[in-house]
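Undergrad: Before we start, here is the structure in question, set down as structure tokens.
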Amino acid sequence: MPKITLNLISGRTIQQGVSMEGGKNKPAYQEACGIIEIDPADFKRLSAWRNTNVRVTSAHGSVVVKAVEATQGPHPGIAFIPLGPWANAVVNPKTFSTGMPTFKGVPVTVEPAPDEKVLDAITLVQTLCRSGKR
Amino acid sequence: MTKTVTDVICPFCGTLCDDIEVVLSDDGKKILEVVNACAIGAQKFHHAMAEDRPKKPRMKQPDGTYKEVSYDEAVEYTAQMLANAKKPLLYGWSSTSCEADSIGNEITELCGGCVDNTAAVCHGTTLIALQDVGVPSCTLGEVRNRADRIIYWGCNPAHAHPRHMSRYSIFPRGFFTGKGSQSRKVIVVDPRVTDTAKLADYHYQVEQGRDYELLQAFRTALKGEWLPDTVAGIPKEKIYEGAEVMKSGRFGIIFFGMGVTQSLSKNHNIDAAICLTKELNTYTKFTIMPMRGHYNVTGHGEVLGWQYGFPYSVDISRGYARYNPGDTSTIDLLLRGEVDAFFSIATDPGAHFPIDAVRRISELPSVAVDPFITPTTEVSKLHVPVAFVGIEVGGNAYRMDNVPIDCRKVIDPPEGVLTDEQFLERVLKRIRELKGVK
């Protein structure tokens, strides 16, 4: 399976906001935030269909999300995961003595993972907390 | 007949819209319709009506399930946890009222803990920069009535502050901006072609994380000095052109967001943005304002400011207030394992902190105060449901431009559910008893 390297940023989307205020334990929250937006050019390199599950891995963690085409592109080389537990599974927690984690500009690898499941927010956070990895 | 409550304040983002109308059922107990709010704000009001909303505190059992307990038991657990901890951390405070924030600060001081708000993962670096170089700012009313140069840098209000552009910046017809959007020039700087960028006259698709270079390039261009052919992926001609657009306005404003506060360079990005604003005042009137996220994150900073002199990340564990982001800030305290109890209120660190920090929370004695079930409540030992501030109880909040606005109560909370203030008052009273303080 091809594996590509992208620069990950996270941030708000209107769907993230609406589904967050509708309940983070609801499926809509996962549909809005358990995704990664990838540029069409990067999709070609990835050799994957739109809406396939992919595994996103950084030096700080790994998570399965659904790959969708960039809604606010083009932005080749940049991947976007909306603000939420899925993005936070892979962002850089280091604050470099500012108090602020590095939520934007995290190098990640993305590879197709069609047989893996995207976890809901609560299960994802509980599973990662229990895994004890540090 | 239905009843309409007018001039309701929306408790979602820092725009703090004050023109919401809420239509209530005949008996005044149900929200039927929300008028004027954005999609997110309307959803927040409707969510208060959810049938599956928890109405009693829930305590985690050894097998991982949750059991309902009384508010008395919840107050006792919380008070014992905070009173017995060596260095508890009380985090959040951004989606509740200033009145509740003040009680929280008193509890922190009494217990010798650390108190922090969501600026820690939002505009904390902005606050550091403000202390470094000052801030030439204004109110949103001035922007609406005067601004003809609008810059959105590293923020996407079309998604995060949906009514910001229509109420204050691009579209409204103000006193000196009678032609609305036609009288304004809009510049957006963002590595993506965001929906805000699509509305702009000039979009600078900066290389991600190169905002500092581009800000300094604009400062250079203002003075007409030499620039390399491209800076941060932007051709120099576009930078000179942008600098001219900024200079030629009568009143300009830079709104900035997470694109600059959370990228590497962090507070130095904001330093450069403020210095650019300062230098633009050589040519015209220019101001700068952070796009604050939670509706009252500014308010907690204000309360902390007047009580302890610092806007966030305050450590009172030595009996006096200390402030040193990177040392006394929430993420660092958690990652270094320096706190032995975690209390969160009016925010959701479980969803919005890097997972390593969340894992630390799950290992600590912890209480989460939130009207609904969130990732934080599901990794905490105790979940205390409370009334929605701004919907079920009033209270003071600060808009992103530091203007205080009193939120209005629209409906009653579910029977028996306490407000943040009531719960915190009871916890404070119990901690005073435990500590033998009058």
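Undergrad: Can you give me the number of residues within region B:151-168 that are part of a helix (DSSP H, G or I) and more than 9 Å from every other protein chain (Cβ to nearest Cβ)?
TA: So the answer is 6.
Undergrad: Yes or no: residue B:227 in contact with a Lys or Arg (Cβ under 7 Å, 6 or more places away or on another chain), in a loop (DSSP other than H, G, I, E, B) and either over 21 Å from residue B:140 (Cα atoms) or at pLDDT 95 or above (or both)?
TA: yes
Undergrad: Might you let me know whether region B:90-106 holds any residue that is assigned to a helix (DSSP H, G or I), among the small types (Gly, Ala, Ser) and under 18 Å from residue B:265 (Cβ atoms)?
TA: The answer is no; no qualifying residue exists.
Undergrad: Go over the candidates B:410, B:384 one by one and state the one that is more than 27 Å from residue B:15 (Cα to Cα) and at pLDDT 95 or above.
TA: The conditions single out B:384.
Undergrad: Can you tell me which residue in region A:89-117 is farthest from residue B:263 (Cα to Cα), limited to those that are in contact (Cβ under 8 Å) with a residue 24 or more places away in the chain and facing another protein chain (nearest Cβ under 9 Å)?
TA: Taking the candidates together, the pick is A:89.
Undergrad: Further question: Restricting attention to region A:26-35, does a residue exist that is surrounded by fewer than 23 Cβ atoms within 10 Å (Cβ to Cβ) and at positive phi?
TA: no
Undergrad: Are there any helices (runs of 4 or more DSSP H) wholly within region A:1-62 with 1 or more residues that are farther than 17 Å from residue B:351 by Cβ and touching a residue at least 24 places away in the same chain (Cβ under 8 Å), and if so which?
TA: Once the helices (runs of 4 or more DSSP H) in region A:1-62 are filtered for at least 1 residues that are farther than 17 Å from residue B:351 by Cβ and touching a residue at least 24 places away in the same chain (Cβ under 8 Å), what remains is A:40-46.
Undergrad: Out of region B:362-399, which residues are of a type in the set (A, V, I, L, M) and surrounded by 24 or more Cβ atoms within 10 Å (Cβ to Cβ)?
TA: Answer for region B:362-399, where residues must be of a type in the set (A, V, I, L, M) and surrounded by 24 or more Cβ atoms within 10 Å (Cβ to Cβ): B:367, B:368, B:369, B:379, B:384, B:386, B:389, B:391, B:393, B:397.
Undergrad: Pairs under 6 Å by beta carbon, first residue more than 13 Å from chain A (Cβ to nearest Cβ) in region B:308-329, partner among the hydrophobic types (A, V, I, L, M, F, W, C) and assigned to a loop (DSSP other than H, G, I, E, B), six or more apart or different chains?
TA: B:308/B:321
Undergrad: Here is a follow-up. Based on what the data block shows, is residue A:5 surrounded by fewer than 20 Cβ atoms within 10 Å (Cβ to Cβ), closer than 19 Å to residue B:192 by Cα and either under 15 Å from the mean Cα position of the chain (by Cα) or at pLDDT below 95 (or both)?
TA: yes
Undergrad: Additional query: Could you count how many residues in region A:5-21 are within 7 Å of chain B (Cβ to nearest Cβ) and either farther than 11 Å from residue A:84 by Cα or aromatic (Phe, Trp, Tyr) (or both)?
TA: Residues meeting the conditions: 5.
Undergrad: Now for a different question. Could you grab me the full set of residues in region A:97-134 that are loosely packed, with under 14 Cβ neighbours inside 10 Å, outside any strand (DSSP E or B) and not small (Gly, Ala, Ser)?
TA: A:114, A:115, A:116, A:117, A:127, A:130, A:133, A:134
Undergrad: Could you please let me know if residue B:67 is without any contact (Cβ under 8 Å) to a residue 60 or more places away in the chain, of a type outside the set (A, V, I, L, M, F, W, C) and farther than 22 Å from residue B:12 by Cβ?
TA: So residue B:67 passes the test.
Undergrad: Still on this model: Inside region A:57-84, can you point out the residues that are buried (at least 23 other Cβ atoms within 10 Å of the Cβ), closer than 26 Å to residue B:189 by Cα and more than 8 Å from every other protein chain (Cβ to nearest Cβ)?
TA: A:67, A:79, A:81, A:82, listed by residue number.
Undergrad: Can you name every residue in region B:173-183 that is surrounded by fewer than 21 Cβ atoms within 10 Å (Cβ to Cβ) and in a loop (DSSP other than H, G, I, E, B)?
TA: Across region B:173-183, the qualifying residues are B:173, B:174, B:175, B:176, B:178, B:179.
Undergrad: Continuing with the same structure: Which one is farthest from residue B:147 (Cα to Cα), of the residues in region B:257-270 that are outside any helix (DSSP H, G or I) and within 9 Å of another protein chain (Cβ to nearest Cβ)?
TA: B:264
Undergrad: Looking at region B:190-204, which of the residues that are in a strand (DSSP E or B) and without any contact (Cβ under 8 Å) to a residue 40 or more places away in the chain is farthest from the other protein chains (Cβ to nearest Cβ)?
TA: B:204
Undergrad: With the requirement that a residue be among the basic types (Lys, Arg) and in contact with a helix residue (DSSP H, G or I) (Cβ under 7 Å, 6 or more places away or on another chain), what does region B:198-244 give you?
TA: Answer for region B:198-244, where residues must be among the basic types (Lys, Arg) and in contact with a helix residue (DSSP H, G or I) (Cβ under 7 Å, 6 or more places away or on another chain): just B:219.
Undergrad: Within region B:408-429, is there a residue that is part of a strand (DSSP E or B), more than 12 Å from chain A (Cβ to nearest Cβ) and buried (at least 19 other Cβ atoms within 10 Å of the Cβ)?
TA: Taking every residue of region B:408-429 in turn, none turns out to be part of a strand (DSSP E or B), more than 12 Å from chain A (Cβ to nearest Cβ) and buried (at least 19 other Cβ atoms within 10 Å of the Cβ).
Undergrad: Among residues belonging to region B:271-314 that are of a type in the set (Val, Ile, Thr) and assigned to a helix (DSSP H, G or I), point out the one that is surrounded by the most Cβ atoms within 10 Å (Cβ to Cβ).
TA: B:297
Undergrad: Given region B:320-389, what helices (runs of 4 or more DSSP H) lie entirely inside it while holding 3 or more residues that are over 20 Å from residue B:87 (Cβ atoms)?
TA: B:349-352
Undergrad: Next question, about the same structure. I need a count of the residues in region B:76-86 that are assigned to a loop (DSSP other than H, G, I, E, B) and in contact with a strand residue (DSSP E or B) (Cβ under 7 Å, 6 or more places away or on another chain).
TA: The qualifying residues number 1.
Undergrad: In region B:285-296, what count of residues is obtained for those that are closer than 19 Å to residue B:128 by Cβ and away from every other protein chain (no Cβ under 14 Å)?
TA: Result for region B:285-296: 2.
Undergrad: Sticking with this structure for a sec: Taking region B:1-44 only, how many residues are of a type outside the set (Gly, Ala, Ser) and not in a strand (DSSP E or B)?
TA: Adding up the residues that qualify gives 20.
The values are calculated or read from the model by the stated rules, or taken from the named source; none is laboratory data. This one's a predicted model, so the numbers in the text were calculated from it and none came from an experiment. When we count neighbours, we look across all protein chains shown, and the Cβ atoms used for this are built from the backbone with ideal geometry, even at glycine.
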